[in-house]
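Since the structure comes first, as structure tokens, the remarks are kept for the end.
The values are calculated or read from the model by the stated rules, or taken from the named source; none is laboratory data. Bear in mind that the values here come from a model prediction, so they are computed numbers and not experimental data. A quick note on method: Cβ atoms are made from the backbone with ideal geometry, for glycine too, and the neighbour counts reach across all protein chains shown.
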Amino acid sequence: MSEVTRGSGNVFADLGFENAPHIKLQARLSWLVSDLIAEQKLSPRVAATRCGWPVETVRALLRGDFPDLSTESLLDAIKGLAATLEQEKAPARTRARKTPQAARVMA
């Protein structure tokens, strides 16, 4: 019968990767970038502009072929994508109605 070993919660550590916490962080950030691109239904070209990356890097990320990106680059991409998302979801500003002075006095 096979022996079952409980995982550590970090598959990269379980597989013996030396820098497992960092690899896990980069995988999560890459996943978040991919989710933000999908949520906004962006083309690779538009996503690349917002992330500040070449189009091929975005295409590789969307294929699941995680390119060697720094944590800083991934965080910058998330900021660029999230800022755009916030602008799209923000309620339109309503201008205060300018009531003529006479109407204010009579009211």
**Request:** Select from segment 50-90 the residues that are exposed (fewer than 14 other Cβ atoms within 10 Å of the Cβ) and among the polar types (S, T, N, Q) and write down the one among them that is modelled with the lowest pLDDT.
**Result:** 87
**Prompt:** When you scan segment 20-57, how many residues do you find that are aromatic (Phe, Trp, Tyr) and part of a helix (DSSP H, G or I)?
**Reply:** 1
**Message:** Looking at residue 13 and the list (1) crowded, with 17+ Cβ neighbours inside 10 Å; (2) assigned to a helix (DSSP H, G or I); (3) modelled with pLDDT under 95, which single condition is not satisfied?
**Reply:** (1)
**Complete:** Checked 6, 28 against criteria (basic (Lys, Arg) and closer than 19 Å to residue 74 by Cβ); the one match is 28
